[in-house]
Every structure is written in C-alpha cells, then in structure tokens.
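Worksheet: the structure to be examined is printed underneath.
The values are calculated or read from the model by the stated rules, or taken from the named source; none is laboratory data. From a predicted model like this one, the values you see are computed outputs, not experimental measurements. Virtual Cβ from ideal backbone geometry, glycine too; neighbours counted across all protein chains shown.
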Amino acid sequence: DAGVIQSPRHEVTEMGQEVTLRCKPISGHDYLFWYRQTMMRGLELLIYFNNNVPIDDSGMPEDRFSAKMPNASFSTLKIQPSEPRDSAVYFCASTKERQGGEAFFGQGTRLTVV
Amino acid sequence: AQKVTQAQTEISVVEKEDVTLDCVYETRDTTYYLFWYKQPPSGELVFLIRRNSFDEQNEISGRYSWNFQKSTSSFNFTITASQVVDSAVYFCALSAYNQGGKLIFGQGTELSVKP
C-alpha cells in the first residue's frame, strides 16, 4: 500500500480564498483523522471519522472549517474563507484499529495564507 | 481530562552520547495507550512504539528503549549511542480507551545530535 496520501504538499493562498486539502487513507482503515500542527499549539486533532461518519469534530476551530468523507477512500478538509492564522501543517492519518491502533500519517500539507 | 507533558523542549548532545526523552501523562482512564512518534526534518510523522496500560514491560529495539512506569505516569524514551540521524522532534502521545484512536500529543522534544 502507498500509505496515506495527501495533496497538495504545499499550498499558498491569499486571505479570503477557499482552500481544500485532500486525503486518501490506507485501504481497509476505518478511522481517519485530521490534525493540525502549529508552533503555538503543537499537534492537535481537528476531526475524526469512523466508517465515513464524523465522530468527533470538537477540535474544528470555527465554522470556517469543514470536513467530509464521501467514501472510504477520500476525505477533504475545507477552509472558507481562509485567514493568515490558518497557516499550519495539516496532517491526515488513518488506522484500522478501534483501540490504540498505530496511526499512519500522511506527509502533510503545508498551508500558508498571506 | 487527558494531557501529555514533555518538559524538555530542546536537547542537544554529541554523537555517541546516550539521551533520555521524558514523557509524563495524565488520564483518568484505566485502559489507555501510549505512543512515541518521530518527526525528522523532512516533516513526516513516523511511528516508533505503542504500549497499552496493562503492559509495563520495558522494551528495547536496537538503540532505542522505552521505560513505562504507571506509578509515576511516565513513558520515557532512551536513545543509546546517539547518531546524527536521530536528530528530529520526538512526540509522546496518549490515546484513551474508546476514543477511536484519537491521539493527544505532547509538545514534542527537539533532539539535536552533533557530530
């Protein structure tokens, strides 16, 4: 398996624009996670899905952020409108185990909002 | 509430020195899992080890070893005979039972190994 695949790897956008980050989890993994990494807040969970259903979105910072998982092999994280404080590295991860499974992370998307 | 604390923000050692990275966690759950991840300069997160709360056996994998002590809520990571390639940010993380694999990360320890 190719691992968790995220695209794009880098994104630079202007404030106010819509940004869509994409993730393809490892086949057979029922859990998908979106994390954000910043210098100030470290690594924090934004949202996670089980069998394509959002389970916990308490980490989504505000209504400008939304995430979907239309099928088992694809998820998106959308920011609309984007703001400079959204600049961060966004990681997608997947795991097949409900309890304490090893999470496999994608390479991350480095988002810069200018 | 669950929390992971890595008090060492940065550590610098000279190659071949041993180094220990500290991790202290807080949870009210009796069943939980602890992890260490490595983030090299290239940026990806690499899984190193997982431990469940019922297994306090120490583990050794090559130059890496982990010491899990429930009595002190600690899960420390030691690199023996460090190498320049060990330079990275290391994260300790906690996942509680029934959390579907959700990870609570510490702030990370940046390890710099100098030749």
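Give me the pairs, please: first residue somewhere in segment A:38-57 and of a type in the set (D, E, K, R), second residue anywhere and assigned to a loop (DSSP other than H, G, I, E, B), beta-carbon distance under 8 Å, and either six or more positions apart or on two chains.
A:Glu44/A:Gly59; A:Asp56/B:Gly100; A:Asp56/B:Lys102
Looking only at segment B:42-68, which residues are farther than 17 Å from B:Tyr32 by Cβ and outside any strand (DSSP E or B)?
Across segment B:42-68, the qualifying residues are B:Ser42, B:Gly43, B:Glu44, B:Leu45, B:Asn58, B:Gly62, B:Arg63.
Kindly provide the set of residues from segment B:1-39 that are in contact with a Cys (Cβ under 7 Å, 6 or more places away or on another chain) and closer than 19 Å to B:Gln83 by Cα, ordered by number.
Correct list: B:Trp36 only.
Restricting to segment B:89-115, what's the tally of residues that are within 14 Å of chain A (Cβ to nearest Cβ), closer than 18 Å to B:Leu45 by Cα and either in contact with a Gly (Cβ under 7 Å, 6 or more places away or on another chain) or among the hydrophobic types (A, V, I, L, M, F, W, C) (or both)? Lay out the reasoning, then the answer.
If we filter segment B:89-115 for residues that are within 14 Å of chain A (Cβ to nearest Cβ), which is where we start, we get B:89-110.
Now drop any that are not closer than 18 Å to B:Leu45 by Cα, which leaves B:89-95, B:101-110.
Still in the running and either in contact with a Gly (Cβ under 7 Å, 6 or more places away or on another chain) or among the hydrophobic types (A, V, I, L, M, F, W, C) (or both): B:89-95, B:101, B:103-105, B:107-108.
Final tally of qualifying residues: 13.
Given the residues B:Val14, B:Val46, which is the only one that is of a type outside the set (Gly, Ala, Ser), within 13 Å of another protein chain (Cβ to nearest Cβ) and either more than 16 Å from B:Thr109 (Cα to Cα) or surrounded by fewer than 16 Cβ atoms within 10 Å (Cβ to Cβ) (or both)?
Working: B:Val14 fails: within 13 Å of another protein chain (Cβ to nearest Cβ).
Only one candidate passes the filter, namely B:Val46.
Where residues in segment B:49-67 are within 28 Å of A:Gln107 (Cβ to Cβ) and of a type in the set (D, E, K, R), which of them is farthest from the other protein chains (Cβ to nearest Cβ)?
Selected residue: B:Arg63.
Return the total of residues in segment A:38-67 being surrounded by 16 or more Cβ atoms within 10 Å (Cβ to Cβ), more than 16 Å from A:Pro25 (Cα to Cα) and away from chain B (no Cβ under 13 Å).
Of the residues in that region, 2 qualify.
If I go through segment A:58-84 residue by residue, how many of them are touching a Pro at 6+ places or on another chain (Cβ under 9 Å) and farther than 22 Å from A:Ile5 by Cα? Break it down stepwise before answering.
Filtering segment A:58-84 for residues touching a Pro at 6+ places or on another chain (Cβ under 9 Å) gives A:64, A:67-69, A:72-76.
Imposing the further condition that a residue be farther than 22 Å from A:Ile5 by Cα reduces the set to A:64.
Number of matching residues: 1.
Since A:Leu77 meets every condition but one in (1) away from chain B (no Cβ under 14 Å); (2) outside any strand (DSSP E or B); (3) under 15 Å from the mean Cα position of the chain (by Cα), which condition does it not meet?
All conditions pass for A:Leu77, except number (2).
Show the residue pairs meeting these rules: Cβ distance below 9 Å; 6+ apart or different chains; first residue within segment A:89-114 and free of Cβ contacts under 8 Å to residues at least 24 places away in the same chain and assigned to a strand (DSSP E or B); second residue small (Gly, Ala, Ser) and surrounded by 21 or more Cβ atoms within 10 Å (Cβ to Cβ).
Listed by first residue and then by second, the contacts come to nothing, as the list is empty.
Among the listed residues A:Ser82, A:Ser94, A:Ser75, identify the single one that is more than 21 Å from B:Glu44 (Cβ to Cβ), buried (at least 16 other Cβ atoms within 10 Å of the Cβ) and of a type in the set (S, T, N, Q).
One residue alone meets the criteria, A:Ser82.
Please find, within segment B:17-41, the residue that is nearest to B:Tyr97 (Cα to Cα) out of those that are at pLDDT 95 or above and more than 14 Å from chain A (Cβ to nearest Cβ).
So the residue we want is B:Glu26.
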